[in-house]
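Report on the structure given below.
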Amino acid sequence: MTILLGMMPSFDRVSSAIFRSMKRIASKAEVMLLFPGNEEAGAKSPDMFALFTQCMNEPREDATLRPDIETEAAVSFLISTFYGGFLTSRLYGSKDVMAFYETHLKLIEK
């Protein structure tokens with residue numbers, strides 16, 4: 001456990017560097033190309049908490065989310081999975097990020 005705690009600053013530096021490079025504002029031209037006819041909505045930053053809440057409400061309603069996991073905890077887990085799966089795939093040198101997401105999500109599925 002001590003070794004893991006000692007490594008946390010390293011993980012923090014790596015994740016900060018990766019996400020800084022990803023978090024770039026799209027130019028007006030990019031927004032027009034990516035969201036034709038929906039430029040206004042496409043130019044806004046998404047509310048990831050609301051998006052993840054919606055993503056966990058759907059399996060709750062479909063009864064595919066484990067009943068012993070509260071929706072709020074599932075949202076927190078999904079946020080961790082989203083960022084952690086991405087970072088883990090980078091650490092493993094894998095381009096298949098979805099495989100890491102799916103492996104994590106199986107833990108909360110019924």
For residues in the stretch 60-82 being modelled with pLDDT of 85 or more and within 11 Å of the chain's Cα centre (by Cα), which is surrounded by the fewest Cβ atoms within 10 Å (Cβ to Cβ)?
Ser80
Go through (1) in contact with a Lys or Arg (Cβ under 9 Å, 6 or more places away or on another chain); (2) assigned to a helix (DSSP H, G or I); (3) surrounded by fewer than 16 Cβ atoms within 10 Å (Cβ to Cβ) and name the single condition Thr103 misses.
(1)
What's the number of the only condition in (1) surrounded by 14 or more Cβ atoms within 10 Å (Cβ to Cβ); (2) modelled with pLDDT of 85 or more; (3) of a type in the set (A, V, I, L, M) that Ile18 fails to meet?
(2)
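The values are calculated or read from the model by the stated rules, or taken from the named source; none is laboratory data. Computed from a prediction, not measured in an experiment: that's the story for all the values here. All Cβ positions, even for glycine, are placed from backbone atoms using ideal geometry, and neighbour counts span all protein chains on display.
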